[in-house]
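The values are calculated or read from the model by the stated rules, or taken from the named source; none is laboratory data. Quick caveat, the model's predicted, so the values are computed rather than measured. Positions of Cβ are backbone-derived with ideal geometry, glycine not excepted, and every protein chain shown enters the neighbour counts. Side chains are part of the model used for accessible areas, which takes the heavy atoms of the whole protein and leaves out ligands, DNA and RNA. Shrake-Rupley method; radii C 1.70, N 1.55, O 1.52, S 1.80 Å.
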Amino acid sequence: MVTFGADQAVDALQPLDTVERICSLLSLLCGEQICLTEPTPAREAVIGILRHAHDIGADKLSMNYEEFNELLLIFNQYRVERPFFEFFFAQEDPRKEEASKKQSILFSELPAGVTRFRGFALLCYGNFRFGYRELSKISDPAIFMNKLEPWNVDSSEEQKKIRNRKEALLQLAGTRDEISKDQTPWLGYLTGDRLENDHALFRAIAAKAYDLRESEAVSEIGDVRLVEKINKLWPAIKDEQVDRFNNHISRLEGIVTRKREEAVQARERGIRNTLKYLTWDYLDVYIATSMRHEWEFEETFTFVKEVFEERLSKRNNLPLRWFDPTQSYDPNLIDKGLLEGLMLKRAKCCIYMAQECDTLGKDSELAATLAQGKPVIAYVRRIDKEDLQDEIEQMKRRPFRYFRQRLTYLLSDTFFEKPDNRSNICTALAQLEMPLSEDKFREIVENFLKLLYDFESERSFELISDEEAEYRKAHEAKFRRLEKFMAAVESVAANNRAKTLQARHPLSMQVNLQTGVANGVFVTRDYADCARVIEGVLTRSLRFAIREEVDEIGQSLGTSLRESHTNSKFRIVTANECLTNSFWNFYLES
C-alpha cells in the first residue's frame, strides 16, 4: 500500500496544544474552515481536552471511534462511519474481524490520520471536501475499500501476483524474434524510406555507369514505386556522381542487397512480435517513444534492456510484460495505430521517453494515459560530468543528420540565446578541455552548420556509402570539437527537459476524464530511478509527501502530492476556490 511522509500543512500544526491548531487540523480533514474563536461551551470543552492531554501526555491519551466522533460534533462537524476511522486513523483494514482490529488511537496520532486521509483524497478524489463527504458516510467496509483502489492494496500481495504469473505462451525477450539493437531502425517507416531512396539512386547510377538508357534501367524492375523513384532521380544525376562511384558499383550493390535483406528479416520478426503482443493476456507497461531516427530506436533498446530485463526481471524478480513499439511492425499504418491504441489501453502505466524533443505520437500517448487516470513515468536521461565522455562516444556514431537537425532545432527554439544555457554549456566544455566564450556561440554553431551543409550539398547516399566516414576523417579536428560541443549541449538540454516536464510542460498534469482528478507525471533521470518507480506503481508501494505549492511571491497555488524519491508532482488540488466550486459542480454532471 502507498504510504505518506511529510505533510507541510499538518506538520506545521504540531504539537496539538491550542484550540486554533486543532481547528486547523480538522479543517484540513473536513475540507472546510472550522473556527472556535468565541468563548463558547464548545471552546471550553476543547480547552479541557487539551489540558487533559497535557497533564497525562498526548502519547498516552487514547481515543476510540465513538470519542473521535464526539470530538467532531464539538466542532459542529458530521460524524464519520467506522470504516473511515479504522482505515485512516487506526490504520486497519476495516474488512478484518472486529476482535483483531485496533480499537483506539492516541491523541498524538490524530495528525498522522489526517495526513493519511489527505493523501488518499489526493490520489482518488482530487478534492478534500468531496473526498471527506463521500468516504465518511460509507458504512460498508468492502464498499469503502473499493473507493480507494488501487492505491490501498497490499504491496506484498501485488508482488506475489506478479512473481507467480505463468510465462507467456509466445515469449519475445531472449528469443530469435527479438530484434537486435542495430536492426531495430529497420522497423521505422522513415528509415525504410531512406534505404529505398538509396536503392533507387544506386540503380540509377549503376545504369548510367553501364551506359544504359532510362527505359533500359527500369525495364526489368517489377516494383512500381522503385521505378517511379528512378524515373524521378534520373534527370538530376550528374556525371560527377557516376564517376565517383563507378569503381564501387559491385561493393555498393552488395551493401544495398545486405541492408535490404536485413530490413526484410527485421520486419518479419516485427510482424511475429506484433502477434505475440496481441495474444498476451495482460500487459504492465507501454513504452511511448519517437521512432523517426535510428538513434531513437537504439536508445529505446538499451533502456528496455537496462530497466526491464537487468533491473526489474533479474535483480528484483519481477517478470513484467511491456509493449515496445520498436520491436513491433505492421506494414499497414492504420493497423499499427490501432495496435498501439489497444496496447496503450491495456497497459497499467506508460513510460514516456522524453528524448530530444516532443513529437505528436508519443505526446498524444502521454496525454491519453493521463486522461485514463493511469500513471506516466517520464525518462529523461541525466548526463553528469562523469557521463560526458560516454556521450562523446555516442556522438561519434551519430549520423550527420542528427547534428544538422539538432542544431537547427535548438537555434529555432532560441536555446543558445538563453544566458543560463550558454553558461552551463561553457562549464561542461571546460571539463572537456574545450574552453568557449559565451559571445562565440552563434559563430561556432554557424561554423558547425556550414561544415554539415557543405557535405550535404555533395552527398549522394544516406545509408549505403562511406561518404560520411570519409568526410568525418577529412575534417577530424572539427568533428572532435562538434562531438564535444553536442555532448555539452545535450547535458544541459536534458536538465532543461526534466525541469520542463516537472514544472512547466502543458501535458505534465492532465485531468482523468472519468473522475476529474488531476493526474501528473513521474520524472526519472536514470535507469535505477525508473525501475524503482515502475515497481512502486505496479505494486502500489510508492511513498508520497504532501506539499503546499506557492508562486514566486508566496501566493498559494494549491496542495500537491509528490513522489518522495523523484519529487514529482503526481496529484494537485488547486487553491482557486471559484474554480474548485465550478469544477466539482459541473464536471461530474451526468
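Observations
- Region 408-458-region 195-209 distance, computed between alpha-carbon centres (Å): 36 Å
- If you model region 479-590 as an ellipsoid using its alpha carbon gyration tensor, with each semi-axis the square root of five times an eigenvalue, the axes come out at 33, 19, 14 Å, biggest first.
- Dipole orientation for region 167-275: of the candidates Gly188, Phe202, Leu212, Gly188 has the Cα lying most toward the positive pole (charges on Cβ; Lys, Arg +1; Asp, Glu -1).
- When Lys569, Lys345, Lys336 are compared by accessible surface with a 1.4 Å probe, the order from highest to lowest is Lys345, Lys569, Lys336.
- Residue-averaged 222 nm ellipticity for the chain, from DSSP H runs of 4+ at -39500 (n - 2.57), nearest 500: -16000 deg cm²/dmol
- Debye-sum result for the chain in log10 I(q)/I(0), which assumes one identical scatterer on each alpha carbon, at q = 0.10, 0.11, 0.12 Å⁻¹: -0.98, -1.10, -1.23
- From the largest down, region 120-193 spans 60, 34, 16 angstrom on the principal axes of its Cα atoms.
- For a straight C-alpha distance cut-off of 14 angstrom, the aspartates and glutamates reachable from Lys314 (same-chain residues fewer than eight places away being disregarded) are Glu306, Glu535.
- Cα centroid separation - region 351-383 against region 6-63, whole Å: 44 Å
- Under-5 Å amide H pairs with Met291, H placed in peptide plane, nonlocal only: none
- Helix 294-304 vs. the chain, principal-axis angle (Cα, 0 to 90°, nearest 10): 40 degrees
- Separation between Cα centres of region 126-185 and region 568-590, rounded to whole Å: 26 Å
- Computed extension length for Glu149-Thr18: 43.6 nm, one decimal, from 0.36 nm per residue of separation with the Cα-Cα distance subtracted.
- Between Met509 and His475, the FRET efficiency from the beta-carbon distance, with R0 = 45 Å, is close to 0.45.
- Considering only the chain, percent of DSSP beta bridges that pair antiparallel, nearest 5: 50 percent
- For the chain, the longest principal axis of the alpha carbon atoms and the long axis of helix 110-124 meet at an angle near 40°.
- Unit charges on C-beta of K, R, D, E only; dipole of the chain, Debye: 740 debye
- These residues, Leu190, Leu436, Leu72, Leu106, go from largest to smallest accessible area, 1.4 Å probe, as Leu190, Leu106, Leu436, Leu72.
- Rounded to 10°, Cα long-axis angle of helix 19-30 versus longest principal axis of the chain: 50 degrees
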